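Report on one structure; see the data block that follows.
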Amino acid sequence: MVAENRKTNFHSSLFSAGTRISLLIFIILALLFLTGCGRKDDTWQRIQKEGVLRVGLDPTFPPFEVTADSDVIGLDADLARALADEMGLQAEFVYFGYDGLYDALATEQVDFLISALVIVPGRMRDFAYSEPYFNAGEILVIPSGSTIDEMAGLSGKRLAVELGAQGHVEATQWAKRLPDLQVLPYPSADEALDAVAAGEADAALVDGVSGRLYLKERSNLDLERVSQTVTVEPYAMVVRIEDETLLAKLDEALSSLTATGELDILIERWLGP
Amino acid sequence: MDYLQNTKTGNGGYRDKGEKVWSRLLGSSARYTRVLARLLLFMILLRLLLPAPILVTIGPQQTVYSDYPITGVHTRLTDEVEEWKIKRTLELVREMGSPWIVEFFPWAYYQGSDGDIAWQHPDQVVNHAHAQGLTIIARLGLTPDWARPPDTPLTYLDEDAYEDFAAFAAAFAARYEGKVDYLVIGNEPNLSYEWGYRPTTAEDYVNLLKVVYPAVKEANPEMQILAGALAPTLEPDGSPWGLNDLQYLTEMYEAGAAPFFDGLAVHAYGLTFPAEADPDPNILNFRRIELVRDVMVVAGDGDKSIFVTETGWNDHPRWTMAVRPGQRIQYTLDALRYAEENWPFVEMMALWAFRYPASTKSYMDYFTLVTPEFVTKPIYDAIKEYTGNGG
């Protein structure tokens, strides 16, 4: 009797358990919907309508972006144009100072950034990064035919670095593991590479951009780089966090350029093989 | 009968319904007990899986050895959570031969609207620094939300809250008597950003000093109050961004600042210039300190010392104000040597910044001497060698 009464009372309360669960689900969905309303993924729609992709960059960093004859040239500029082509769009470049790039993107002055930018985890609340398109990590440059193919193979060798640079920090760490490794600091990356060319050092550890540029500009020298980078410093494009469609389109176009080999051709054009 | 009593008498009815829901979920009370016991066991097992907390002790009292006792660093322990990292950072400072640290202690982080002050973190920093034999210059700033109008930034401090800030500064000075000898009041007040995004005036800042100075001296007469930490800038009168530091300092003296500070904190970055580049009122470089000193002398305040609480060079590959890493090392050593040999009025020079708790992935990382992972950079090793602590 009591049990029956309780059951009756339970079901006759203001809302049944089923109704309450439905209500709860409705509230959660409504909250999710409202949260989504704060940010609209509509940049891609506007781009499609106008046929123009607004690209933000700081044109002061050769060979990635630099102004020449009122135009911008470099790997990033070429890549942006190639991506736009791939998407059937026209790339329009807008210049900003390096420190103002993210602000320009946040205030919707451009659709995305491509400016040799590294991925910054701390910015991922407001921005999203594409797949990386270039690795600017430290590289080993060695005389052609050298058997050195990794840092661990430098025991007993002389390693040239740029004084105080990241390569110097990395080499100093390796010297603790390879006691016979001799680290030779030089005032600049080019001078460290010169030391390898002159036979003063067995290898140089320099940033990927400096090392590749040096090799490109001095192709007569009997030097080569180890293809595997020692550290990883990926460059990626940046969009506003809400622009998921644009990000997907950029990644899709980048993937296509990678598959056809066009990305490698662009990199080789500006940074050598 | 029981049911009627439970459901018809106020909250008892709701309790009863709640029990029924639990009963439906868990079944009989025996099952309920079993579930609870298993949950408890699971929690105990989970707790056992946690690593034991790292034991960090203050350790024996250390002494800093340095051939160049002017050497200092600005640490960034404000955001460092783990105590062992605080200790390790300060050990590295000592081992480098820097007898001084400048550290930021934000009022907004510590004091709630009830007036209580959370001393745990500042205690850790101060006690470890003291044990390492370091002289601490504490920079105080940032206003808690209860002490400023709604929708104002942390850097907003107006006259209504001067007394509250002074009370905090006095409490700080009293608590760390014998361990902290210097307080910097505020930071770069000649910049609008640092003054709550308001037009910045020297008079406002001097009014703050007039309230803070007597309060701190009453709490701890030995505490030295440093004014300023003026930002080097060429902003002209009326600029929304700030005011030229030399003009601002002149106006501070005109507003009667002299009796309300014991020393002047100065920021002096070398930017792209070598350490010994000549000073010029129209450019910003390291030796701008000499122009600041000239203002002090003209104001009849030449007996006071200057404390360079931020200085240094940056070696970011892209930042327009950066130099090459090798230049950064050379300019830094040149600056320490130049100051030691030519500026008897400078007590210390703190390099910005010793180490950040985490990488900023920006040009700011290229100001540091040690990485977040405690890898010392070549500039650290060079300074260590320079102070006689190498090898």
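The values are calculated or read from the model by the stated rules, or taken from the named source; none is laboratory data. Since the model is a prediction, treat every value here as computed from it, not as a measurement. Positions of Cβ are backbone-derived with ideal geometry, glycine not excepted, and every protein chain shown enters the neighbour counts.
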Please count how many residues of segment A:149-167 are free of Cβ contacts under 8 Å to residues at least 40 places away in the same chain and surrounded by 15 or more Cβ atoms within 10 Å (Cβ to Cβ). 3
For B:GLY312, which of the numbered conditions (1) surrounded by fewer than 18 Cβ atoms within 10 Å (Cβ to Cβ); (2) away from every other protein chain (no Cβ under 12 Å) fails to hold? (1)
Of the candidates A:GLU108, A:GLU138, A:GLU170, the one satisfying the condition of being away from every other protein chain (no Cβ under 14 Å), touching a residue at least 40 places away in the same chain (Cβ under 8 Å) and of a type in the set (Asp, Glu) is A:GLU108
If you check B:GLY302 against the conditions, is it surrounded by fewer than 23 Cβ atoms within 10 Å (Cβ to Cβ), at positive phi and away from every other protein chain (no Cβ under 13 Å)? no
Residues (outside any helix (DSSP H, G or I) and buried (at least 18 other Cβ atoms within 10 Å of the Cβ)) located in segment B:77-105: B:LEU77, B:GLU80, B:GLY97, B:SER98, B:PRO99, B:TRP100, B:ILE101, B:VAL102, B:GLU103, B:PHE104, B:PHE105
Every listed condition ((1) within 28 Å of the chain's Cα centre (by Cα); (2) basic (Lys, Arg); (3) away from every other protein chain (no Cβ under 14 Å); (4) crowded, with 17+ Cβ neighbours inside 10 Å) holds for A:ARG218 save (4)
Complete set of residues in segment B:315-343 that are within 13 Å of chain A (Cβ to nearest Cβ), charged (D, E, K, R) and not in a loop (DSSP other than H, G, I, E, B): B:ARG328
Do you know which of the residues in segment A:111-125 that are surrounded by fewer than 16 Cβ atoms within 10 Å (Cβ to Cβ) and in contact (Cβ under 8 Å) with a residue 60 or more places away in the chain is nearest to the other protein chains (Cβ to nearest Cβ)? A:VAL118
Can B:GLU276 be described as under 24 Å from the mean Cα position of the chain (by Cα) and more than 23 Å from B:ASP303 (Cα to Cα)? no
Taking the residues in segment B:369-391 that are free of Cβ contacts under 8 Å to residues at least 24 places away in the same chain and within 11 Å of chain A (Cβ to nearest Cβ) as candidates, determine which candidate is nearest to B:GLY97 (Cα to Cα). B:ASP381
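Here is a yes/no grid of residues against (1) assigned to a helix (DSSP H, G or I); (2) modelled with pLDDT under 95; (3) in the same structural domain as B:ARG328 (by TED's automatic domain parsing); (4) at positive phi:
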| position | (1), (2), (3), (4) |
| --- | --- |
| B:ASN187 | no, no, yes, no |
| B:GLU203 | yes, no, yes, no |
| B:LEU208 | yes, no, yes, no |
| B:VAL212 | yes, no, yes, no |
| B:GLU218 | yes, no, yes, no |
| B:GLY228 | no, yes, yes, yes |
| B:TYR253 | yes, no, yes, no |
| B:VAL266 | no, no, yes, no |
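Among residues belonging to segment A:198-211 that are crowded, with 18+ Cβ neighbours inside 10 Å and away from chain B (no Cβ under 14 Å), point out the one that is nearest to the chain's Cα centre (by Cα). Steps first, please.
Pass one, segment A:198-211, residues crowded, with 18+ Cβ neighbours inside 10 Å: A:201-211.
Still in the running and away from chain B (no Cβ under 14 Å): A:201-204.
Working: A:ALA201: 32, A:ASP202: 31, A:ALA203: 27, A:ALA204: 24 Å.
Per the criteria, the residue is A:ALA204.
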Can you tell me which residues in segment B:109-129 are touching a strand residue (DSSP E or B) at 6+ places or on another chain (Cβ under 7 Å) and either small (Gly, Ala, Ser) or closer than 22 Å to B:THR309 by Cβ (or both)? B:TYR110, B:PRO122, B:VAL125, B:VAL126, B:ALA129
Yes/no for A:VAL161 being β-branched (Val, Ile, Thr) and under 17 Å from A:VAL209 (Cβ atoms): yes
Filter result for the condition that a residue is surrounded by 17 or more Cβ atoms within 10 Å (Cβ to Cβ), more than 14 Å from every other protein chain (Cβ to nearest Cβ) and free of Cβ contacts under 8 Å to residues at least 40 places away in the same chain, over A:ASP194, A:ASP180: A:ASP194
Cβ-Cβ under 7 Å, sequence separation 6+ or interchain: first residue in segment B:161-172 and assigned by TED's automatic domain parsing to the domain that holds B:PRO144, partner of a type in the set (Lys, Arg). Which pairs? B:ALA161/B:ARG148
Of the residues that make up segment B:344-366, is at least one over 26 Å from B:ASP79 (Cα atoms), outside any strand (DSSP E or B) and within 23 Å of the chain's Cα centre (by Cα)? no
Among (1) crowded, with 19+ Cβ neighbours inside 10 Å; (2) on the phi > 0 side of the Ramachandran plot, where does B:GLY133 come up short? (1)
For segment B:339-353, does any single residue satisfy the condition of being in contact with a helix residue (DSSP H, G or I) (Cβ under 7 Å, 6 or more places away or on another chain), at pLDDT 95 or above and on the phi > 0 side of the Ramachandran plot? no
Could you tell me whether A:SER130 is buried (at least 17 other Cβ atoms within 10 Å of the Cβ), within 14 Å of chain B (Cβ to nearest Cβ) and at pLDDT 95 or above? no
B:ASP294 passes all but one of (1) at pLDDT below 95; (2) among the acidic types (Asp, Glu); (3) in a helix (DSSP H, G or I); which number fails? (1)
